[in-house]
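A.B. asks: Pasting a structure here, questions to come.
Derivation of every value follows stated rules applied to the coordinates shown; laboratory data play no part. Since this is a predicted model, take the numbers as computed values, not measurements. Here Cβ is always computed from backbone atoms with ideal geometry, including for glycine, and neighbour counts include all displayed protein chains.
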Amino acid sequence: MHISSRVTTALAVAAVVTFAEPTARLADAPFSLSVDSIMRGPKLVGYPPTGLRWSGDSARLYFEWRRPGEDEPSTWVVARDGGEPRRLTDGERRSAPPVAGMWDAAHRRALFANEGDIVLVDSVTGTRRQITRMTGGESNPRWAKHETAVTFVRDNNLFLVPLDSGSIEQLTDIAPRKRDARESDSQKFVKNEEEKLIDHTRVEAEKKKRRDEKEKANALPKYELAERQSATDLQLSPDGKHVFILLTERSDAAKRPNVPNYVTGVRTFVGDTQDKRTLAAMNLETGTTQMADAAFADKRDVRWSMPQISPDGAIAVAHVRAHDNKDRWLVTVNADTGRTQLLDALHDDAWVREVGGFGPNDPSFGWLDARRVWFLSERDGWMHLYVVDASDDHPAARQLTQGRWEIESVDLSQDRRRFYVVSNERHPGERHLYALPIDGGEWTKLTAMTGSNVGEVSPDDRTIGMVHS
């Protein structure tokens, strides 16, 4: 197997996160084969590390770990050059990079929501900046305006915060439809007569009309929510001209878990009637809103995801699923017209498997460059990696991996020249990390230990932080 010099370096300095403490303790005392002892499970042997993430300079690997006997996980850090892992203090943990955040292009700064407020962490300097500190809840932070600003969602609306000033600007006015206070015929008659007969009343009415017209001209773009409907996520386009709105209509019969009010993405319980999710695009300059066209679904009920937008901001691609989970579509969405173009369709009479769920960091597809999108699909009966040109008038997906085995996760290298994929190609019970050129071809196996190997490659593509079991 051919191994590039770049990958050789990665293998030579691979950092494996392993812990011998639980095993050592087990060796000191005999194990009782009782039901009570066996059912202790993780309480006996501990939990594997999770949430591996690197600092932007690739010098430190952070992870979450819950040791035997502990009630909750702690955040740990280990240097790339080796040494013992160290548990972070509560103060250090606040400035550590988040398990799930929106990273900037350089993979240095990360945005995340913490207890209803938006926070920015610099993973190299270890500094923490509070973007918002308000009652209520802010969520879904994203980078905007070439990473010089931050957007977030609050109370059905989108807000913008320039990082140089910190001032908060509301971009949309999305609210439930107001019920008109209807006047009776007699009230209308008296009002009209007053305007005709009382000069002062007429003048004041004209002034109010002019004020209302002026306020309307300067008002934020509006959208009225229907009953049981909310705007659960909003995203500003890179050019700042459009806002994509993910609208969720709650089902009357569905039940939901009790969660803090700053947690916005709450699903209904399994088996209940699912929420309806539709996608709209608001033009901030004209104030008009277009609904995304779902003609490809042939009038079936579907659930939209928030689009992922190309690096140059020219193309938006959304993941759409049928309510009965028998179909999945990838489509481009025109923000001005709402028109869609089909990139890929998948049907399964039983169930189309969902990889990782919906969300700002949908793990089932992503952008390679300004034209091409990668995605995972069971098109041939196995979960494999595909690439499609989203700018093509007649897009046709190209399969990059093939065989009677599956791809479990996909990441891009920082330089966007290779995929890092986890696959069970070797054996259904094993998982290994591979490097694959983005145009396909021969791939390189990066892990060698028998068993499950789940890794996180450092931003400089030189080191693998790995959990082995």
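A.B. asks: For a quick check: with amide H placed at 1.01 Å from N, whose amide H comes under 5 Å from residue 114's, ignoring anything fewer than 5 positions away on the same chain?
C.D. replies: Result for residue 114 returns 119.
A.B. asks: Then there is this: What does the net charge come to around residue 134 if you take all other residues with beta carbon closer than 10 Å to its beta carbon, with K and R at +1 and D and E at -1? Intermediate values should be presented prior to the final figure.
C.D. replies: On the way: positive: 133, 154; negative: 117, 138.
In short, 0.
A.B. asks: Once you have the Cα-Cα distance between residue 346 and residue 88, take 0.36 nm times their residue separation minus that, and quote the gain in nm to one decimal. Mind showing how you got there, number by number?
C.D. replies: Numbers: separation 258, 0.36 × 258 = 92.88 nm, distance 4.50 nm.
Gain in length upon complete extension: 88.4 nm.
A.B. asks: I would also like to ask the following. Please name whichever of 127, 167, 114 sits farthest to the positive end of the charge dipole of segment 103-171, dipole taken about the Cα centre and charges placed at Cβ: Lys and Arg +1, Asp and Glu -1.
C.D. replies: Going by the Cα projections, it comes out as 127.
A.B. asks: Spin-label point model (7 Å from Cα, Cβ direction): what's the residue 145 to residue 74 distance in nm?
C.D. replies: Label-label distance for residue 145 and residue 74, simple model: 4.2 nm.
A.B. asks: Once both labels are modelled 7 Å past Cα along the beta-carbon direction, what's the residue 251-residue 404 spacing in nm?
C.D. replies: The modelled label-to-label distance comes out at 3.8 nm.
A.B. asks: Nearest 20 debye, what's the magnitude of the dipole of segment 368-469 about its Cα centre given +1 on Lys and Arg Cβ and -1 on Asp and Glu Cβ?
C.D. replies: On the way: 12 positive and 17 negative charges, 42 e Å.
Roughly 200 debye, rounded to the nearest 20.
A.B. asks: Taking H as built 1.01 Å from N, whose amide H comes closer than 5 Å to the amide H of residue 425, not counting residues under 5 places away?
C.D. replies: 406, 432
A.B. asks: What is the sum of charges around residue 225, taking Lys and Arg as +1, Asp and Glu as -1, for the other residues whose C-beta is under 10 Å from the C-beta of residue 225? Walk me through the numbers before you get to the answer.
C.D. replies: Numbers: positive: 177, 228; negative: 224, 227, 249.
Net local charge, residue 225 excluded: -1.
A.B. asks: When the chain is fully extended, how far beyond the present Cα-Cα distance does residue 186 get from residue 239, taking 0.36 nm per residue of separation?
C.D. replies: 13.9 nm
A.B. asks: In segment 96-162, what trypsin sites (Lys or Arg not before Pro) fall in a loop by DSSP, with at most 10 other Cβ atoms inside 10 Å? Walk me through the numbers on the way to the answer.
C.D. replies: Numbers: sites: 108, 109, 128, 129, 133, 142, 145, 154; in loops: 108, 133, 145.
In loop regions of segment 96-162 (DSSP not H, G, I, E or B), the sparsely surrounded trypsin sites (Lys or Arg not before Pro) are 133.
A.B. asks: With only Lys, Arg, Asp and Glu charged, each at its Cβ (+1 for the first two, -1 for the last two), find how big the charge dipole of segment 95-166 is about the Cα centre; round to the nearest 20 debye.
C.D. replies: Working: 8 positive and 8 negative charges, 21 e Å.
Computed charge dipole of segment 95-166: roughly 100 debye.
A.B. asks: I would also like to ask the following. What is segment 277-339's relative contact order, in percent, from Cα pairs under 8 angstrom and six or more apart in sequence? Kindly include the intermediate steps, with their values, before the conclusion.
C.D. replies: Working: 107 pairs, mean separation 20.6, N = 63.
Normalised by residue count, the contact order of segment 277-339 is 33 percent.
A.B. asks: Excluding residue 249 itself, calculate the net charge of residues whose Cβ lies under 11 Å from the Cβ of residue 249, where each Lys or Arg counts +1 and each Asp or Glu counts -1.
C.D. replies: Values: positive: 228, 250, 276, 277, 303; negative: 227, 252, 275, 301.
So the surrounding residues net to +1.
A.B. asks: With only Lys, Arg, Asp and Glu charged, each at its Cβ (+1 for the first two, -1 for the last two), find how big the charge dipole of segment 42-146 is about the Cα centre; round to the nearest 20 debye. Each step should come with its number before you reach the end.
C.D. replies: Numbers: 17 positive and 14 negative charges, 45 e Å.
Taking the Cα centre of segment 42-146 as origin, the dipole is about 220 debye.
A.B. asks: Can you give the extra length, in nm with one decimal, that the chain gains between residue 426 and residue 382 once fully stretched, where that is 0.36 nm per residue apart less the Cα-Cα distance? Don't jump to the answer; show the numbers that get you there.
C.D. replies: On the way: separation 44, 0.36 × 44 = 15.84 nm, distance 1.47 nm.
Full extension from residue 426 to residue 382 adds 14.4 nm.
A.B. asks: Can you give me the distance in nm between label points at residue 354 and residue 226, each placed 7 Å from the Cα along the Cα-to-Cβ direction?
C.D. replies: Result: 2.1 nm between the two label points.
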